[in-house]
Amino acid sequence: MQKRVFIATNKYVQGAGILSKIGDEVKVVGKKPIILADSTVWGIVGSTVENSFESSNTSYHYEEFQGESSNSEFNRLTKIAKDNEADVVIGLGGGKTIDTAKVVADNLGISVVIVPTTASMDAPTTAISVVYSDDGTFEGYKFYNKNPDLVLVDPQVIVGAPVHLFASGMGDAVATSVEARASQKRNSITMAGGIASIAGRAIAQKAEEVIFEHGIAAFKAVKKGLVTPSVEEVIEANTLLSGVGAENGGVAAAHAIHDGFTALDGEIHHMTHGQKVAYGVLVQLVLEGVPETEVMRYANLFKALELPTTLKELHLEDVSFDDLVKVGEIATSKKETLVNMDPKITPDEVANAILAVNEITTSNL
């Protein structure tokens, strides 16, 4: 029996200045929160959070996140949360902080609130965490039986982050639709646990539509620190539509290519999730055999958003074919999402597609 499954976060709130209301929002979810944030994020928004909790007469415990969503960090923070008798974990910051907060909450069976400070990925709304080793190598995913209880997104905070993070979120959001279409051709099982629902398909497609319609204008606005209607649209697409669309629509090769890139040494480690996923989108399109004009439709958008479309922009201009095969070996492993598109694709075919993208983009851009 094939079943359709749809999952989503319990409550999503987006609005300029909403971070100043975090105390009131969180006390509905739990009474003894622990906040996880790295020192940089806390230095930027910590005073706003402190004032909000003080005005709502709610206490909290702050613990510094040390930078990697790894098992050792999960264990350390789980113990601290347990010792503080926390009943809700707040993940405040970027993707790895957010993913760690979900793990800690799941380990203790308590609620989780996500407060992203960038719109660089769709992690805030999903019931998934990406797990890395302590040195940043991709290890796998953790899946949960529920999505975050509350997601708070403040556009005023988002536009204060580096613009390349905003663009990275758009790379991730565009991948949502590209991967969902490929996954649905095989009726693959989504991360929600069934085949894609109508809602899942529609949301995934809408994420891409918003980026093509508003992405470049929003990118220009964020460069100037401005919150405009286009910026609001893209923040929702990057965060909510992309997250719900990916979980309920299906994930395929683009994210698997990203995971493969983590096997390589060098400057590529400093590239963001969305930057690597954007190149993965182009690789997936080549693997699907779409016309070059279609590959370039996406590449031209990415170029305007200053996302990587060539190996040089990925800091891989001198990469060997053998290293690209290593990327392919990870991307085509049984635990990876590329199998949702085509389980017969080989590591060599992935390596060739990575090189083919570079040939297409360098000759057309």
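If the chain linking ARG76 and SER320 were pulled fully straight, counting 0.36 nm for each residue of separation and taking away their Cα-Cα distance, it would gain 84.0 nm.
Other residues lying with their Cβ under 13 Å from the Cβ of ALA192 contribute a combined charge of +3, Lys and Arg counting +1, Asp and Glu -1. A simple count of charges around SER111, restricted to other residues whose Cβ falls under 13 Å of its Cβ and scoring Lys, Arg +1 and Asp, Glu -1, yields +2.
Please report the spacing between the Cα centers of the range 264-298 and the range 59-74 in Å, no decimals. Measuring centre to centre over Cα atoms gives 31 Å. Where only DSSP H runs of four or more residues are counted, the chain gives -16000 deg cm²/dmol as its mean residue ellipticity at 222 nm, each run worth -39500 (n - 2.57).
For the listed peptides 24-30, 199-205, a ranking on the average number of other beta carbons within 10 Å per residue, highest first, reads 199-205, 24-30. One quarter of the convex hull surface built on the alpha carbon atoms of the range 252-365 amounts to 6.1 nm², the projected area averaged over directions. Applying 1/(1 + (r/R0)^6) with R0 = 45 Å to the Cβ-Cβ distance of ASP348 and PHE212 gives a FRET efficiency near 0.85. Principal-axis analysis of the Cα atoms of the chain puts helix 321-331 at an angle of about 50° to the longest axis.
Our summary gives the chain a relative contact order of 16 percent, counting only alpha carbon pairs under 8 angstrom and 6 or more residues apart. Any idea what log10 I(q)/I(0) is at q = 0.06, 0.08, 0.09 Å⁻¹ for the chain, Debye with uniform C-alpha scatterers and no solvent? Once normalised to I(0) and log-transformed, intensities are -0.20, -0.36, -0.46. Taking the longest Cα principal axis of the chain as reference, the axis of helix 347-364 is set at about 80 degrees. Ranked by the mean number of other Cβ atoms within 10 Å of their residues, highest first, the peptides 62-69, 174-181, 241-248 fall in the order 241-248, 174-181, 62-69. With respect to the chain, whose longest principal axis is taken over its alpha-carbon atoms, helix 71-83 is tilted by about 20°.
Rg and Dmax, both from the Cα atoms of the range 12-158 and both in Å, are 13.8, 41. Zone of ASN364 (label point 7 Å along Cα→Cβ, backbone N under 20 Å): which residues in the range 146-184? Residues 171-182 fall inside that zone. A dipole drawn for the chain from +1 and -1 charges on Cβ atoms has a positive end, and of ALA37, SER69, SER197 the residue lying farthest that way is SER197. Judged by the gyration tensor of its Cα atoms, with axes a ≥ b ≥ c, the range 221-276 is oblate; a/c meets the 1.5 cut and b/c is at least as large as a/b. If you plug the beta carbon distance of TYR144 and HIS269 into 1/(1 + (r/R0)^6) with R0 = 35 Å, you get a FRET efficiency near 0.80. The charge dipole of the chain, taken about the Cα centre with unit charges on the Cβ atoms of Lys, Arg (+1) and Asp, Glu (-1), comes to about 1160 debye, rounded to the nearest 20.
What does the highest-first list of 45-52, 325-332 look like by mean Cβ count within 10 Å?
Packing order, densest peptide first, comes out as 325-332, 45-52.
Overall, the ratio between the Cα radius of gyration of the range 192-302 and 2.2 N^0.38 Å, rounded to two decimals, is 1.15. Close amide H partners of GLY93, meaning residues 5 or more places away or on another chain with modelled amide H under 5 Å apart, are VAL115, THR117.
Rule-based calculations on the coordinates, nothing more; no lab input. This structure is a prediction, so every number in the text was calculated from the model and none was measured. Here Cβ is always computed from backbone atoms with ideal geometry, including for glycine, and neighbour counts include all displayed protein chains.
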